[in-house]
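The values are calculated or read from the model by the stated rules, or taken from the named source; none is laboratory data. Keep in mind that what you see is a predicted model, and the values were worked out from it rather than measured. Cβ coordinates were reconstructed from backbone atoms using ideal geometry, including for glycine residues, and neighbour counts include every protein chain displayed. The area values use the complete protein model at the heavy-atom level, side chains included, leaving out ligands, DNA and RNA. Shrake-Rupley method; radii C 1.70, N 1.55, O 1.52, S 1.80 Å.
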Amino acid sequence: MMAQRPRIRIDPASGVPAVRQIADSLRVLLVEGQLVPGTELPSVRRIAMELGVHFNTVAEAYRQLAAEGWLDLKHGRGAVVVARAVPAVNNRARTEDFRNRLRGMVAQMRSQGISADRIAAELRAMAKRVTRS
Amino acid sequence: MRLVLCAVNVFMGALLFAIPNMARRELLFAVPVPPDLRESRAGRHAISMFRAVIAAAVLAGVCALLLTPPELLNAVATAVPVAILLAGGISFYRQNRKLAPAAVQFTRPREAELSAAPEELPRFAWLAAGPFVILAAAARFLYLNWERIPPRFPVHFETGGQPNRWAERTTKGVYGPLLFAAELCALFVAMALAGWFGSRRSRSRTVMLGGMIAIEYLMALLFALIAVQPLLGIPVWMIAVSPIAILIPLLIVMTKKMSEPSEPMDPTPNECWKGGIFYYNPNDAALFVEKREELGYTFNFANRWSWVLLLGLALVIASALFVLA
């Protein structure tokens, strides 16, 4: 059976700006290694059409990821995943910021009725994936 | 002839009658409604009211066609279908407004596959070349039998069946209908391709492509019959009624496939639909989106390419003045 191609998903009702949802979805795939260096991404036009957003929204998400060193933009249309050197950051303030955001997210999930056990299981699964990639 | 005119108007009324059934179950008069509303008292009432107006308009039209004196028949025959369409449009809009407060917003996440592979057309798309073959065959037939074509032949008929306009055996007079049909078919191919590459991936998109190709065949057959009519003497009523033979099965198949699709409704924002018919969303890159009022797709009028295609349609229609004159 053919392996399913990676997909990104946005939820227009979530209240989170589409550009952030697209960039976040792509970043997850990049970090988890589902998009490896050399992979060609679809054109801005194609993704924008499928997601029902403006071309500029997708182009902006691509630009953000290119600025982070994940993508090489081709003539402003498609993009290619490039090998990215992980920046050596040992910044306590950054770690603290990350921890706060994670706590905020956990609190949000709990307020939406997701059990603490379920959240812990998700985090454990995520931690496993992170250590593998 | 009056009976044929009545039959054509009754058929048109029947098509309008079927409009509520030509949309997805979760849509009623282009309003996205809860799934149970269609079967509820309010839903059934809305459908009945819509159909009552259509029935009244058709009945009045048929009476007018049967009772009008012969000298007014031409004018009445033109006015009746316009009046039926107008009545249907107004009735549709009224029901749309009445149901609008019950509208729900479809929300579901959207997904995009991260494949850079070029999009391919389905295999059956090559059938779009068929209508051009039909038109070329008709042209060849006329060319080979040029001497048998009458020097002057009727091309337009009164409602009584009497010819009221003639063409001469010239290149333009003989091949004009075929040229016009070729223009129409080319436009339909352009629309079909724009629809395929300018809309979101879905099974409905494939149905739409098939429908466009079927309509292309309908146009080609109709104009090929018109073109060879002076040679073969095909009765005019047969030419007028022949498109229905393609149209009815096409509508049945498309209605079945699109009213109960295997995919959920495209969650286009309600506020971007004007009167439930016109979609205008500058923040949506799609050129075509699924219609809400019946089956098929419609333009996203915020996309400039929609205006280019409409201009193409206007030019093709305008060219009839020169090609068919």
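I'd like to verify a number: residues in region B:114-135 that are open to solvent by less than 50 Å² (accessible area, probe 1.4 Å) and touching a residue at least 60 places away in the same chain (Cβ under 8 Å), how many?
Residues in region B:114-135 being open to solvent by less than 50 Å² (accessible area, probe 1.4 Å) and touching a residue at least 60 places away in the same chain (Cβ under 8 Å): 8 in total.
I need a count of the residues in region B:9-22 that are modelled with pLDDT under 85 and open to solvent by 50 Å² or more (accessible area, probe 1.4 Å).
Residues meeting the conditions: 1.
What single numbered condition from (1) open to solvent by less than 90 Å² (accessible area, probe 1.4 Å); (2) of a type outside the set (V, I, T); (3) over 30 Å from A:R5 (Cβ atoms) fails to hold for B:P101?
B:P101 satisfies all of (1) open to solvent by less than 90 Å² (accessible area, probe 1.4 Å); (2) of a type outside the set (V, I, T); (3) over 30 Å from A:R5 (Cβ atoms) except (1).
Part of a helix (DSSP H, G or I), exposed (fewer than 14 other Cβ atoms within 10 Å of the Cβ) and away from chain A (no Cβ under 14 Å): which single residue out of B:I252, B:I239 fits that description?
From the options B:I252, B:I239, the qualifying one is B:I252.
From the list B:A186, B:A192, B:A220, B:A224, which residue is assigned to a helix (DSSP H, G or I), within 25 Å of B:A18 (Cα to Cα), more than 14 Å from every other protein chain (Cβ to nearest Cβ) and of a type in the set (A, V, I, L, M)?
Just a single option satisfies the conditions, and that option is B:A192.
Kindly indicate whether A:R20 is facing another protein chain (nearest Cβ under 8 Å), open to solvent by 80 Å² or more (accessible area, probe 1.4 Å) and closer than 26 Å to B:P267 by Cα.
So A:R20 does not fit the description; no.
Within region B:255-266, how many residues turn out to be open to solvent by 30 Å² or more (accessible area, probe 1.4 Å) and away from chain A (no Cβ under 14 Å)?
5
From the list A:L35, A:L73, A:L51, pick out the single residue that is over 14 Å from B:A116 (Cα atoms) and touching a strand residue (DSSP E or B) at 6+ places or on another chain (Cβ under 7 Å).
A:L51
For region A:35-118, give me every one of the helices (runs of 4 or more DSSP H) that falls completely inside it and has 1 or more residues that are within 10 Å of chain B (Cβ to nearest Cβ).
Those helices (runs of 4 or more DSSP H) span A:44-51, A:55-67.
Please state which one of A:A48, A:A23, A:A61 is under 24 Å from B:N300 (Cα atoms) and touching a residue at least 40 places away in the same chain (Cβ under 8 Å).
Residue meeting the stated conditions: A:A61.
Among the residues of region B:267-293, what is the count of those that are more than 8 Å from chain A (Cβ to nearest Cβ) and open to solvent by less than 10 Å² (accessible area, probe 1.4 Å)?
4
Of the residues that sit in region B:105-152 and are hydroxyl-bearing (S, T, Y) and in a loop (DSSP other than H, G, I, E, B), which one is farthest from A:L35 (Cα to Cα)?
Checking each candidate, the answer is B:T107.
Could you check B:Q162 against (1) among the polar types (S, T, N, Q); (2) in contact with a helix residue (DSSP H, G or I) (Cβ under 6 Å, 6 or more places away or on another chain); (3) away from chain A (no Cβ under 14 Å) and say which number it fails?
For B:Q162, the failing item is (2).
For region B:29-41, give me the residue count where each residue is open to solvent by less than 60 Å² (accessible area, probe 1.4 Å) and more than 20 Å from the chain's Cα centre (by Cα).
7
Among the numbered criteria (1) surrounded by fewer than 14 Cβ atoms within 10 Å (Cβ to Cβ); (2) in contact (Cβ under 8 Å) with a residue 60 or more places away in the chain; (3) of a type in the set (D, E, K, R), which single criterion is violated by A:R5?
(2)
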